[in-house]
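The values are calculated or read from the model by the stated rules, or taken from the named source; none is laboratory data. Since this is a predicted model, take the numbers as computed values, not measurements. Here the Cβ positions follow ideal geometry from the backbone for every residue, glycine too, while neighbour counts run over all protein chains shown. Areas reflect the complete protein model, heavy atoms only, side chains present, ligands, DNA and RNA absent. Shrake-Rupley method; radii C 1.70, N 1.55, O 1.52, S 1.80 Å.
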Amino acid sequence: MSFWDVPGIKAGVVTGDVAWALLQHAKTNGYAIPAFNCTSSSTINSVLEAGAKLNRPVMIQFSEGGSAFIAGKSLPNDKGKLQASILGAVAGAHLVRAVAPAYGIPVLVHSDHCAKKLLPWFDGMLEADEAFFKAHGEPLFSSHMLDLSEEPDEENIEICKKYLTRMAPMKCILEMEIGITGGVEDGVDNSGAAKEKLYSTPEDVFAVYEGLSPISPMFTIAAAFGNVHGVYKAGNVVLKPELLQEMQDYAKAKTGMDRPLNFVFHGGSGSEKHHIATALAAGVVKMNVDTDTQWAYWEGLLKFYKAKEGYLQGQ
């Protein structure tokens, strides 16, 4: 069954039951929706163009810093308010909604890592979701991510429960992180994290499932299996995607359901194909790509400049 056979699927932004059904289609059919961090109209268009060429669904996501960049770095973005980040994310979501149907593919709009110190940004986006839902019967964004992995697990899960309770009436999907993704992302530096923190346990992950599943089934888990943000040379990072299957097996033994967990693969840039295949088989439905595409974008500009240097210098 093609993803085009998912009930209610369409070209343009999808949310709610349709977005969730698309993620479940990916899980059943052994693929993941690629999620690309965007910081401008040109990067948004690049992702949409690639999806259209391949006839594949894509996810466009905005980080807090990238959102502020969309709005403009000269705007105030006060600590505790993050007004430019809210404005930029909302503007980016509206832009995607306006242009995505023309590209002829389904698109999910997502916000990336939100640490505890960035919760005002999350609150602002949810207010925009609620206003859009009141007017149109669906949230502005398809999904949002809370990354409270720096906090104790109990606090992480409790805050996620609070926000999922707010999101559930809109059928907005929550992504959460348990365990730590190494490296640096959006001002959160985990490059010195203890190695054991880079690997979630089945018990950790099932605690998330127990906490969130009574509220809504629409949540995904970014479990840690050695992931690191940024491109890394093969062999420099010990990825253990087989741990995801152990987590599924543990959850199945507890619930009686086959593969009840929906995983997200963070730090996808530079990953080896066999690791990706193992992760997909274990129920990964979304895979983040950022550094690879930043370099591809920069390299494209560089090559264009070098090829046209004489002409450009003469203008």
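Within the range 127-141, being surrounded by 20 or more Cβ atoms within 10 Å (Cβ to Cβ), in a helix (DSSP H, G or I) and not hydrophobic (A, V, I, L, M, F, W, C) holds for one residue alone: Asp129. Within the range 28-42, if we keep just the residues that are buried (at least 19 other Cβ atoms within 10 Å of the Cβ) and of a type outside the set (Phe, Trp, Tyr), the residue that is nearest to Gly88 (Cα to Cα) turns out to be Thr39. Can you find a residue in the range 52-72 that is without any contact (Cβ under 8 Å) to a residue 12 or more places away in the chain, among the small types (Gly, Ala, Ser) and surrounded by fewer than 17 Cβ atoms within 10 Å (Cβ to Cβ)? Checking the range 52-72: not a single residue is without any contact (Cβ under 8 Å) to a residue 12 or more places away in the chain, among the small types (Gly, Ala, Ser) and surrounded by fewer than 17 Cβ atoms within 10 Å (Cβ to Cβ). Checking each residue in the range 32-43 for being part of a helix (DSSP H, G or I) and under 15 Å from Trp295 (Cα atoms) picks out Ser42, Thr43. Inside the range 265-315, can you point out the residues that are hydroxyl-bearing (Ser, Thr, Tyr) and either within 15 Å of Lys240 (Cβ to Cβ) or in contact with an Asp or Glu (Cβ under 8 Å, 6 or more places away or on another chain) (or both)? Hits for the range 265-315 are Ser269, Ser271, Thr278. Across the range 188-208, what is the total count of residues that are assigned to a helix (DSSP H, G or I) and either open to solvent by less than 90 Å² (accessible area, probe 1.4 Å) or at pLDDT below 90 (or both)? Matching residues across the range 188-208 total 10.
Filter the range 95-120 for residues that are open to solvent by less than 10 Å² (accessible area, probe 1.4 Å), touching a Lys or Arg at 6+ places or on another chain (Cβ under 9 Å) and not in a loop (DSSP other than H, G, I, E, B) and give the result.
Pro106, Val107, Leu108, Val109, His110, listed by residue number.
If you go through the range 142-163 and keep only what is open to solvent by less than 10 Å² (accessible area, probe 1.4 Å), in contact with a Gly (Cβ under 9 Å, 6 or more places away or on another chain) and assigned to a helix (DSSP H, G or I), you end up with just Cys160.
I'd like to know if the range 59-66 contains one or more residues that are hydroxyl-bearing (Ser, Thr, Tyr) and farther than 21 Å from Ile173 by Cα.
Checking the range 59-66: not a single residue is hydroxyl-bearing (Ser, Thr, Tyr) and farther than 21 Å from Ile173 by Cα.
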